[in-house]
Amino acid sequence: MSILVAGGAGYIGAHVVRLLLERGDRVIVVDDLSYGTPDRVEGAELVQLDVASGEAVDVLTDVMEQRGVTAVIHFAARKQVGESVARPGWYYQQNVGGLANMLLAMERARVEQMIFSSSASVYGMPPVEVVPEDIDCRPINPYGETKLIGEWMMAD
């Protein structure tokens, strides 16, 4: 089984990559290395790519087909709340566009399994101490909004 980990050279992604490698999986990391470093994913194949770029769908489709990818774990996203407020359009382009590109490539390559890394920021500031998952989502910044849109995209 080959698993593609988008954003796999970042902090959380690299831990998941390590565990997958220890389990014996073939791992392909797709990362633009804006937050990660190649040394975090030694033992995995690294494809340097911005998943939100214009060529991403074609590149991702080729990677999935050529490497026999059966599942995707999607961590690739911009994640700074303040930056999302200052540059909301770019955040939508990166987070929503990047996920859309991944889903299009998966559809083309007939890859049907994905884990999407969302965020508690989709809940905003709920009026409870312990937040149940079924509470209404009301994000208060563009970052949280892009993650909620990602959840909707995954549901569709």
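The values are calculated or read from the model by the stated rules, or taken from the named source; none is laboratory data. All figures in this text were calculated on a predicted structure; none of them were measured in a lab. Using ideal geometry, Cβ is built from the backbone for each residue, glycine included, and neighbour counts are taken over all protein chains shown.
Quick look at the numbers
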{"read-out": "Index of the failed condition, S118 passing every other in (1) surrounded by 14 or more Cβ atoms within 10 Å (Cβ to Cβ); (2) over 13 Å from the mean Cα position of the chain (by Cα); (3) not in a helix (DSSP H, G or I)", "value": "(2)"}
{"read-out": "Of all residues in the stretch 37-64 being in a strand (DSSP E or B) and of a type outside the set (D, E), the one that is surrounded by the most Cβ atoms within 10 Å (Cβ to Cβ)", "value": "L46"}
{"read-out": "Residues of the stretch 121-156 that turn out to be among the charged types (D, E, K, R) and under 19 Å from the mean Cα position of the chain (by Cα), as a count", "value": "4"}
{"read-out": "The lone exception for A14 - which of (1) in contact (Cβ under 8 Å) with a residue 60 or more places away in the chain; (2) more than 23 Å from D156 (Cβ to Cβ) it fails", "value": "(1)"}
{"read-out": "Residue check, Q80 at pLDDT 95 or above, farther than 20 Å from L4 by Cβ and within 17 Å of the chain's Cα centre (by Cα)", "value": "no"}
{"read-out": "Residues of the stretch 121-135 that turn out to be buried (at least 16 other Cβ atoms within 10 Å of the Cβ) and out of contact with any Gly (no Cβ under 7 Å at 6 or more places or on another chain), as a count", "value": "1"}
{"read-out": "Residues satisfying the stated conditions in the stretch 15-40, i.e. touching a helix residue (DSSP H, G or I) at 6+ places or on another chain (Cβ under 7 Å) and either at pLDDT below 95 or of a type in the set (F, W, Y) (or both)", "value": "G36, R40"}
{"read-out": "Single residue of the stretch 65-114 satisfying the filter (of a type in the set (A, V, I, L, M) and in a loop (DSSP other than H, G, I, E, B)) that is surrounded by the fewest Cβ atoms within 10 Å (Cβ to Cβ)", "value": "V111"}
{"read-out": "Residue match in the stretch 72-84 (condition: among the polar types (S, T, N, Q) and more than 23 Å from W152 (Cα to Cα))", "value": "no"}
